[in-house]
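Step one of this worksheet: look at the structure below.
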Amino acid sequence: MAVVLLWDFGDTLVDERWMLRAPAEYRGWPSAWRAVMATHADDWNVGRVSERDVFRALHARTGLGVDAIEQHAAECCRSIRFHPFAWQVATERRLPQALVTVNPDLFVSRVAATYDLGQYFDAVVVSCVEGTDDKTALCEIALDRLGFTGPRSAALLIDNRQDLTDGWRQSGGAAYWYRDDAALAADLPTLLG
């Protein structure tokens, strides 16, 4: 039975496509965003480049001004759609819990701050701050920040990526592969006891 929860963010607690909403002045935004992410996301997620670098790359691809891109990014980050049941469970804080996410500085300044995620999680561990996108390493950092010294098998990672839940399980942790709210609602009693 879990004594501590480790929550993923994108496509677990929220629909991670929040940055794909196109501004009125550039309908090709989703395609431009994906192209820039293909070349920048890995470096951005571990802090080797900043949102300013990414905004400049988007400017080069779209012709939109960097300030307009920044305003659009801020609007997208204020319009995130949460998965209702997963978010309800997270905000109920049934157990000590950490948010463990692979995300860039935009997440820290424009998402975590906007939604005051620190009020719901005892620790917020973000890859760009830690300099690694290794989910198992990020989970270990979270457990340390939670002061958790129990067996790793009592630390439950809830994540939408099966490769990451498998990896955490292989390291001795407990894991739940999140597919949707309905499945989580059905499975939660066995997860939390």
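The values are calculated or read from the model by the stated rules, or taken from the named source; none is laboratory data. Nothing here was measured: the structure is a model prediction, and the numbers come from that model. Here the Cβ is made from the backbone with ideal geometry for all residues, glycine too, and neighbour counts use every protein chain on show.
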Odd one out for residue 58 among (1) of a type outside the set (Gly, Ala, Ser); (2) closer than 30 Å to residue 175 by Cβ; (3) in contact with a helix residue (DSSP H, G or I) (Cβ under 9 Å, 6 or more places away or on another chain): (2)
Between 57, 74, 90, which is at pLDDT 95 or above, in contact with a strand residue (DSSP E or B) (Cβ under 6 Å, 6 or more places away or on another chain) and part of a helix (DSSP H, G or I)? 90
Looking for something farther than 30 Å from residue 147 by Cα and within 19 Å of the chain's Cα centre (by Cα) - is there at least one such residue anywhere in the range 55-69? no
When only residues in the range 22-54 that are under 18 Å from the mean Cα position of the chain (by Cα) and acidic (Asp, Glu) count, which is surrounded by the most Cβ atoms within 10 Å (Cβ to Cβ)? 51
Is it the case that the range 35-54 has a residue that's in contact with a Lys or Arg (Cβ under 8 Å, 6 or more places away or on another chain), more than 18 Å from residue 132 (Cα to Cα), assigned to a helix (DSSP H, G or I) and modelled with pLDDT of 95 or more? yes
